Ligand code: SIN
């Protein structure tokens, strides 16, 4: 476990694996002094997913804190809140039957040339059952592979696309159930680009598997059958229990995760209950 004493201005309680941590001892409703912000950024890079409990944030404050982490990311295919172009309201009503948003393993917007470094999610209404968010530690999953497998994967480039979700024939284009979240399917989502299959974290220098079942659709230079076999192995490897952190929400909690070294999955199981979150992203860099 990481030493809590490493931090001078905040209290950081990591999970035993070091993946995921709770940060207390700060008030996010006020702008953070530079030394506090630097420690928050260090803890986020070190632990991948950080939770700030008991932070009743108004939207202006959520936006300001997001900006203090970097510029806003670009969130495509979903209508933002009115008057808040950089905030998504993830609202699922008690009577909604459509699958909850985010119910597939993914790293946010990995089909973009420079996908978001961070995603921030603030809980306004948490259902009494279900609604957990699961995270995979993609660094530890990479490090657990044999050196021979790592050497094989290191030079590969994975093909990412939004097509399976938001494309003209994607899952959302076929949806018939009512959904409060307004999703905009588009032919643009059928496009694809490549990223290193193993990416290096710009702060920690650790390598991470950078593939996901929702957005990775192939591997450059491999046949579809070869890519399917390797990706199938990697998806099963990544989603083993030992690499997963199950985040349980409490109301007025802010969660910030690092899309460069994690993937996540929003679990359902709360039909009949409202779940309401506000979400922003922080711009990232081109993966290397
Ligand atoms: C997501 O951003 O994928 C949604 C996560 C959640 O609602 O728990």
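The values are calculated or read from the model by the stated rules, or taken from the named source; none is laboratory data. These figures come from a predicted structure and were not determined experimentally. Neighbour counts run over all protein chains shown; Cβ positions are idealised from the backbone, glycine included.
Tallying residues that are over 26 Å from residue 183 (Cβ atoms) and crowded, with 17+ Cβ neighbours inside 10 Å within the stretch 42-64 yields 11. When the stretch 121-134 is filtered for residues that are buried (at least 22 other Cβ atoms within 10 Å of the Cβ) and either at pLDDT below 95 or more than 10 Å from the ligand (Cβ to nearest atom) (or both), only 122 remains.
Taking the criterion of being within 16 Å of the ligand (Cβ to nearest atom) and assigned to a strand (DSSP E or B), the residues of the stretch 135-159 that qualify are 135, 136. The listed residues are 14, 115, and the only one of them that is crowded, with 16+ Cβ neighbours inside 10 Å, under 18 Å from residue 138 (Cα atoms) and more than 17 Å from the chain's Cα centre (by Cα) turns out to be 14. Taking residue 95 as the residue in question, decide whether it is farther than 15 Å from residue 119 by Cα and part of a loop (DSSP other than H, G, I, E, B). Yes. Being touching a residue at least 24 places away in the same chain (Cβ under 8 Å) and in contact with a helix residue (DSSP H, G or I) (Cβ under 8 Å, 6 or more places away or on another chain) holds for only one residue in 46, 91, 84, and it is 84. In the stretch 160-180, of all residues being out of contact with any helix residue (DSSP H, G or I) (no Cβ under 8 Å at 6 or more places or on another chain) and in a loop (DSSP other than H, G, I, E, B), the one that is surrounded by the most Cβ atoms within 10 Å (Cβ to Cβ) corresponds to 179.
Could you pull out the residue among 219, 183 that is in contact with a helix residue (DSSP H, G or I) (Cβ under 7 Å, 6 or more places away or on another chain) and buried (at least 19 other Cβ atoms within 10 Å of the Cβ)?
Details: 183 fails: buried (at least 19 other Cβ atoms within 10 Å of the Cβ).
The match here is 219.
Answer yes or no as to whether residue 193 is in a loop (DSSP other than H, G, I, E, B) and more than 15 Å from the chain's Cα centre (by Cα). Here the answer is no, as residue 193 does not meet what is asked.
The residue that is farthest from residue 71 (Cα to Cα), among those in the stretch 252-288 that are more than 14 Å from the ligand (Cβ to nearest atom) and touching a strand residue (DSSP E or B) at 6+ places or on another chain (Cβ under 7 Å), is 252. Do we have any residue at all in the stretch 221-244 that's within 14 Å of the chain's Cα centre (by Cα), at pLDDT 95 or above, within 16 Å of the ligand (Cβ to nearest atom) and assigned to a strand (DSSP E or B)? There is at least one residue in the stretch 221-244 that is within 14 Å of the chain's Cα centre (by Cα), at pLDDT 95 or above, within 16 Å of the ligand (Cβ to nearest atom) and assigned to a strand (DSSP E or B). If you go through the stretch 30-82 and pick out every residue that is assigned to a loop (DSSP other than H, G, I, E, B) and either touching a strand residue (DSSP E or B) at 6+ places or on another chain (Cβ under 6 Å) or closer than 18 Å to residue 277 by Cβ (or both), you end up with 14.
For the stretch 167-185, the criterion of being under 15 Å from the mean Cα position of the chain (by Cα) and over 19 Å from residue 131 (Cα atoms) is met by none of the residues. Every test in (1) away from the ligand (no atom under 15 Å from the Cβ); (2) within 24 Å of residue 72 (Cα to Cα); (3) touching a strand residue (DSSP E or B) at 6+ places or on another chain (Cβ under 9 Å); (4) not in a strand (DSSP E or B) is passed by residue 202 save one, and that test is (3).
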